[in-house]
Amino acid sequence: MEELKTTKLTACVVGLFMMAAPRLCGADTKTFNSQIQHVLLISIDGMHALDFANCSKGISSINGGNPCCPNLASLAKIGVNYLQASTTKPSDSFPGMAAQFTGGHPRTSGFYYDVSYNRALSPPAATTPYAIVGGRGLCPGTVGTQVGFDEEIDYDLTRLDGGGINSDYLPRDPANGCAPVYPHSYLKANPIFEVVKAAGGYTAWTDKHPAYEFSKGPSGQGVNDFFGPEINSIPQNLPNLKNVTGTPLPDQTAVTSSDDYTTSSQNIQCYDGLKVQAVINQINGLTHDGKSSSSVPNLFGMNFQAVSVGQKLVEHKTTVGGYLDAMGTPSPSLLSEIQFVDSSIGQMITALNNQGIFSSTLIIVSAKHGQSPIDPARVLRIPGDDSTKNSPSGVLGGIYDPAANPSSKPAGCPG
């Protein structure tokens, strides 16, 4: 591998590591441009560099010390690992994803968080489900408003498709006739999708809220095939899901109106599986829903939520996710999420090979943000997570002690 030549690509990459077919890793700029026809961007939200190191090299207490993410491990052998990559500050999904799309700091992209405050815009036309106060008569007279670009701008956040974006829940621009400001209009920097689209390419992106249509860029046209299933919707059976068990949902104890896909370590895999299927459909020359023929995108990808959920979820106040020690040994539930993500990436690789385009596809695997501290001794859980732990203040939950849950011994990797 010719390190000096591959470093020409580092400015385009944010995340854990970048991978391509072996003969392309050392390609010069001219060869790279002529041979790479597709870029697949994958974000494993929450995954730390230590998680990747542990699962790809193996941990002695799990699976006999053999790798638990063989697909990622195999790709890493023919790729480049960027050890100095860092998430945004502040670190979260919106600023992290915007940084990968644009290369910009939150100050540049305009996204510090999915909920923020803007001193130049007016309140929405209607009060949002999360109580951002709105009213049709508040623009242009009122300037300065909270801006919510999470699930609260959906027509119906309990539905998997969210019903689309309700413009009445969007902030308004008093300098532009009080027109609603969509997420893509709020973005201040030009995303790579706009660049590829302007060059005649075909683009696609899949993410966790309809609000991630900000990937389309300021023009609103940068993504040809956008798919944003609502992660905070009420879990439902997914009869057309081929790559994981989606009918019925594996955890039927988490399908009430008070649940969403993040309240179950099993159901989150079905949610992510829906997005994986969308990417595989696109690799196979279809639209994300598999209903129409299309070009294989020149730039496309998705984000995984499973690892992020596995790092922080306490199910039914008994099954604790996260880590067992400061060395990053995953709990059984987190291990399951890491294995699921690895298997899903393996399915994408298989699809690329079946279509004969693996060698012309640059795969970028990243994490747009980390999650809670790895060391269990540094995690403070709120009572809603663990009612058996009480902090001295009575506000935050106490420190989680792995000894309190001796049954949380890592299971071996399947197969």
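The values are calculated or read from the model by the stated rules, or taken from the named source; none is laboratory data. All of these numbers come straight from a predicted model, not from anything done at the bench. Backbone-built Cβ (ideal geometry, glycine too); neighbour counts: all protein chains shown.
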Exercise for review: For segment 226-239, indicate whether the set of residues that are surrounded by fewer than 21 Cβ atoms within 10 Å (Cβ to Cβ), closer than 20 Å to T102 by Cβ and modelled with pLDDT of 95 or more is non-empty.
Suggested key: yes
Check your understanding: How many residues, within segment 273-291, are of a type in the set (D, E, K, R), buried (at least 21 other Cβ atoms within 10 Å of the Cβ) and not in a helix (DSSP H, G or I)?
Key -> 0
Review point. Listed residues Y130, Y82; which is among the aromatic types (F, W, Y) and surrounded by 15 or more Cβ atoms within 10 Å (Cβ to Cβ)?
Key: Y82
**Study point:** Selection count where residues are touching a Gly at 6+ places or on another chain (Cβ under 6 Å) and surrounded by fewer than 24 Cβ atoms within 10 Å (Cβ to Cβ), scope segment 191-206
**Key:** 1
**Study point:** Candidates A351, A411 - the one that is under 26 Å from the mean Cα position of the chain (by Cα) and at pLDDT 95 or above
**Key:** A351
Revision key, fill the gap. Note: among F227, F214, just one is among the aromatic types (F, W, Y) and touching a Lys or Arg at 6+ places or on another chain (Cβ under 8 Å), namely F227
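Results for (1) assigned by TED's automatic domain parsing to the domain that holds S295; (2) of a type in the set (D, E); (3) not in a loop (DSSP other than H, G, I, E, B), shown as yes or no for each residue.
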| site | (1), (2), (3) |
| --- | --- |
| S86 | yes, no, no |
| K89 | yes, no, no |
| S116 | no, no, yes |
| P124 | no, no, no |
| Y130 | no, no, no |
| V143 | no, no, no |
| T158 | no, no, no |
| A175 | no, no, yes |
| V196 | yes, no, yes |
Revision key, fill the gap. With the first residue restricted to segment 275-290 and required to be touching a residue at least 12 places away in the same chain (Cβ under 8 Å) and closer than 13 Å to P229 by Cβ, and the second required to be of a type in the set (D, E, K, R) and buried (at least 21 other Cβ atoms within 10 Å of the Cβ), Cβ contacts under 7 Å at 6 or more apart or on different chains are H288/D225
Practice item. Determine which member of the set I165, I132 is among the β-branched types (V, I, T) and over 26 Å from V255 (Cα atoms). Key: I132
Practice item. Would you check which residues across segment 320-335 are out of contact with any helix residue (DSSP H, G or I) (no Cβ under 6 Å at 6 or more places or on another chain) and surrounded by fewer than 22 Cβ atoms within 10 Å (Cβ to Cβ) and list them? Key: D325, A326, M327, T329, P332
Review point. Conditions: (1) over 27 Å from H288 (Cα atoms); (2) under 18 Å from the mean Cα position of the chain (by Cα). D173 meets all but one. Number of the miss?
Key: (2)
Exercise for review: Check segment 96-106 and report whether any residue there is surrounded by fewer than 20 Cβ atoms within 10 Å (Cβ to Cβ) and part of a loop (DSSP other than H, G, I, E, B).
Suggested key: yes
**Study point:** Among (1) assigned to a helix (DSSP H, G or I); (2) hydrophobic (A, V, I, L, M, F, W, C); (3) closer than 23 Å to F300 by Cβ - the single one I363 does not satisfy
**Key:** (1)
Point to revise | Looking only at segment 107-127, and only at residues there that are under 22 Å from the mean Cα position of the chain (by Cα) and in contact (Cβ under 8 Å) with a residue 40 or more places away in the chain, the one that is surrounded by the fewest Cβ atoms within 10 Å (Cβ to Cβ) | key: T108
